[in-house]
Amino acid sequence: MNRLSLIGLACLAVLGAAAAEKWTVEDLLFQESAGSLELSRDGKLAVYIKSRMDREKGESVSNLFMKPTAGGDEITLTRGKDNYSSPRFSPDGKRIAFLTARKAADAPAAGAPGSGPTGMQIWLIDTRGGEPWQVTRFERGVRSYGWIDDNTLLIAAPEDPTLHDQKVKERKDTSQVVDDEDHAAPVRLFKFEIKGSKATRLTTNSDRITSVTVSPDGKYAVTVHNRSLAEIFNQKIKPVVFLHELAAGTSKQLFANDKLYPRGFEWTPDSKSFYFAAPYTTHPYLYNASINLLYSYDVASGRHQKIELDWENGLGGYGGITPAPDGFLALLANGARNKVARYTRSGSGYTRQWIEGDHATNMMGLTLPDDGSFVIYTHTTASVPAVQMIAKLSGNKVTEAKPFIETNAGWKKKPIAKTELVTWKGALDEQVEGILYYPHNYQAGRKYPLVVMIHGGPHGADMDAFSERMGYPHQLFAQRGAFILKPNYHGSSNYGLKFGESISGGKYNDLEWIDVETGVDALIAKGLVDPKMLGVLGWSNGSIISIELTTRTTRYKAAGAGAGDVNYTSDWGNASFGDAFNRYYLGTSPLENPELYQKKSALFRMDKVTTPTIIFFGTEDKNVPTEQGWQHYRALQHYGKAPVKFILFPGEPHGPRKLVHQQRKIEEELAWFDKYLFETKTDASEALRKDSPLAAAALLAKQGDVPETVERGPIHVGRFEVTRAQYKAFDAAYAVKPGTENYPAGGVTFDKAKAYCEWLSKKTGQKYRLGTEEELGSMLKASKSENTLDAWAGYAVNTDDERRLASMVDGLGDGALLKAVGSFAGTGEEPVFDLGGNAAEWVTAKDGTGKVLGGSADRPVDPKSASKARPSYVGFRIVRE
């Protein structure tokens, strides 16, 4: 029997109903994120990057910002549609270096004769103000860099083109030679003097330097070198690490005789040593699943040692430590919530103290100044959007936390799903943990649909952190009244080495789908989920498990598969990491055991699939090659047992980056689930705009005596103004001329409008009323695009012309300029009509009296006008609670 245990209590999940607004696709697409925070040496300034989609460019744009840590306003350092990355303060804190592919103002256009260097270059900006300026012009750009002193940078950059490279360019030859070691440009170290713009080559290595980490005193640098273009494919030739003594011009390879794969280098403030993480695995040479162990290297002795963390699961990622004056802070892997600890030097080892105080159980991305007096961190949970906080740090105590960088202020008005960590017995009768999102409209005792959203990897994990993105739009599904389960299945990271390696060596996809199924069963047994309304989706490995589930059971009513494998034989050769991944998880190659590869491939079980499936792929995906999507689609098409739709994103890699493609993915997937899981989608014509008068006419034709309402935050507002025919059903004495039945009911007093709402409430058993000034005030604004006097006159009518036209309008008769409701375009995703014109509308003012708001056909749009709508041009619309 499956057991479900609820762990802890989620932070506040749903904001006050009065402030709630519906989530839209654009809320996700245009969200802002902050990251790459760097502190000046004195800890007085912080520089960071904010990123968000740019509507015009159609892609994400990143800009630099700076803020004093003691308090003060945020300062925008860069603007525009270029991207900026890797900000670094100079040692004296007076300048900030950063990388960008932005062209200087005097540079020729890209591709033009003499256009010069390409790629990312280093620019500088003064922290005291002014415009940034370009300082490097490496032919092929800059890969990595660090400050040596206030005038000198250490740079890793590709060597200038060879004669062979130049000839290829002259021929405009775009042919690609795979793994062309003979002609791959070496990436070398250069010393760059800012004054004089002088670059000096420091190394003549033939391999490729991928990262540079300079010591705080500028005397040393650690570099990582890639020595095989096939390393990502088979992991056979590992990168190597060098320590450079810059003044002496010497270097030496580190860890040559050790089974170490170092990464995440962090120098101590005194430059005497550095920390680094290294993955540990039981496999002889593949590192697809591992735990991250911590080491330190002492420069004087030339020795390294493993640091005993006294924590079986290791670090929470290879960037999980932050140096402090007397040791370091560490994020320790602990399932969906990392634990935060302070390690202090004690003799030859370290003592550990758990961090206590503000947000101690939900801290991510730690940053400390050199003196360790405060900490900047990200506070978030799955139901609390991320905020960068700053707090005092004394020993292991975090106090006086306050927001430092805030983003997405508009989300404060949105309902946010309540979340909690849940556990159940999964495959092998072992505990599995996941995150459960509640429906926005959750009421205890009711059963709801469930959508399982499965993370990629497989050696990744869903953390207890707020994350709304293209692949996993939780709030949009919770808004539709669904639970969402995010399982950290066998093979996930952050749960220890045994759990991570449990699906390796031929056990891939043996356990993961069982973990999902038992988690679903546990929620059904708990009485939360309707077993007849199940859906599943995922991206990459999450898609692979989703596909596997559709071959194992028919109970899922809809599936979304983004960039998922179905055939491991072709994946072995086509994927950028094909041999390493498949050999690790399947234990062999298809050359050695083709039968196993066929057994593991869902392609050969497509005859069992009945779940309606929508498939997404980028045409330039090298991680899960696009051919996998074609095979999946063609197999389902061949058997014809399940509806299937295949959407390709031209030019996109493993995850679509362009705005239009991300929007298409979310909208298509939502529509798919609306149709097959929620069964709410109607087959509307592609030729019909939802906000058009034609659509309004179609809706009106279906509308009876009860006005239709549309959700707007915590209320439902009438899609149209109450029509004359609807009002006459309440007041039989109300005169309606033939042919005007769908015109707004004008000439209605405030008391009569309230009485109609009371009558409608009794008739339907639902609560109807007039909207309040607070609720509808921002919606009811005269619009140039709707039925106003401006539209009738053919120009923007000012107050003098309104007076001159008054007698003509009066002479036409009561309400003569009114039109049928919905005659002009509506507003919103679910359109509401006539908010900006036709009849002005009664609302309830704060003191309970009636107030008329909005544009009307007898008045101009002019916001300065004080004229009032004639009684025959005053109507109302209902609000349903």
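The values are calculated or read from the model by the stated rules, or taken from the named source; none is laboratory data. Predicted model, so just to flag it, every value in this text is computed and none were measured. Backbone-built Cβ (ideal geometry, glycine too); neighbour counts: all protein chains shown. To get the accessible areas, we keep the full protein, side chains included, count just its heavy atoms, and leave off ligands, DNA and RNA. Shrake-Rupley method; radii C 1.70, N 1.55, O 1.52, S 1.80 Å.
Remarks
- Percent of beta bridges antiparallel (DSSP, the chain, rounded to nearest 5): 80
- Taken along the Cα-to-beta-carbon direction at a fixed 7 Å, the label points for Gln166 and Trp133 span 3.1 nm.
- Heavy-atom surface analysis with a 1.4 Å probe gives the chain a carbon and sulfur content of 50 percent of its accessible area.
- Each peptide in 168-174, 510-516 gets a packing score, the mean of other Cβ atoms within 10 Å over its residues, and the list from highest to lowest is 510-516, 168-174.
- Of His164, His654, the residue with the largest accessible area leads and the full order is His164, His654 (1.4 Å probe).
- (1) 27; (2) 37; (3) 24, with the label sought being that of the calculated percent of Cα pairs over 52 Å apart: (1)
- Simple spin-label estimate for Asp149 and Gln353 gives 3.9 nm between the two label positions (7 Å along the Cα-to-Cβ direction from each Cα).
- Centroid-to-centroid separation of region 746-794 and region 602-671 [C-alpha atoms, Å]: 46
- Accessible area of region 395-464 divided out per residue, in Å², using a probe of 1.4 angstrom: 39
- Summing +1 for each Lys or Arg and -1 for each Asp or Glu among the other residues whose beta-carbon sits under 12 angstrom from that of Val748 gives +1.
- Fraction of alpha-carbon pairs over 13 Å apart in region 517-587 - percent: 70
- Using heavy atoms of the protein chains and a probe of 1.4 Å, the accessible area assigned to Tyr472 is about 10 Å².
- Calculated mean residue ellipticity, 222 nm, the chain: -5000 deg cm²/dmol, from DSSP H runs (n ≥ 4) at -39500 (n - 2.57) each, averaged per residue and rounded to 500.
- 0 to 90° range, to nearest 10: angle between helix 627-639 axis and the chain longest Cα axis: 50
- Distance between the pseudo-spin-label points of Asp705 and Thr24 (7 Å out from Cα toward the beta carbon): 3.6 nm.
- Dipole-positive endmost among Phe750, Leu670, Ile503 within the chain (Cβ charges, Cα centre): Phe750
- Among the protein heavy atoms, those of Glu741 account for about 80 Å² of accessible surface (1.4 Å probe, every chain in place).
- For a straight C-alpha distance cut-off of 18 angstrom, the lysines reachable from Lys868 (same-chain residues fewer than eight places away being disregarded) are Lys781, Lys784, Lys851.
- Cα shape, region 121-275, gyration tensor, a/c 1.5 rule: oblate
- List Ile49, Ile75, ordered by accessible area with a 1.4 Å probe, largest first: Ile75, Ile49
- Calculated accessible area for region 176-274 comes out at 52 Å² per residue, all protein chains present (probe 1.4 Å; ligands, DNA, RNA ignored).
- For Ala793 and Lys737, the FRET efficiency from 1/(1 + (r/R0)^6), where r spans their Cβ atoms and R0 equals 22 Å, is about 0.35.
- Long-range amide H partners of Val384 with built H, under 5 Å: Phe466
- Overall form of region 770-881 per C-alpha gyration tensor (a/c, 1.5; a/b vs b/c): prolate
- For the chain, the longest principal axis of the alpha carbon atoms and the long axis of helix 750-764 meet at an angle near 70°.
- Global form of region 23-181, assessed from the alpha-carbon gyration tensor, a/c cut-off 1.5: oblate
- Of the whole protein surface, Lys622 contributes about 120 Å² of accessible area at a 1.4 Å probe radius.
- Zone of Lys447's modelled label, taken as backbone nitrogen in region 522-538 under 13 Å from a point 7 Å along Cα→Cβ: 522-534
- Taking each residue as 0.36 nm, the span from Thr764 to Lys752 lengthens on full extension beyond its C-alpha to C-alpha distance by 2.5 nm.
- Under 13 Å from a label point set 7 Å out along the Cα-to-Cβ vector of Gln637, the amide N atoms of region 607-622 belong to 615.
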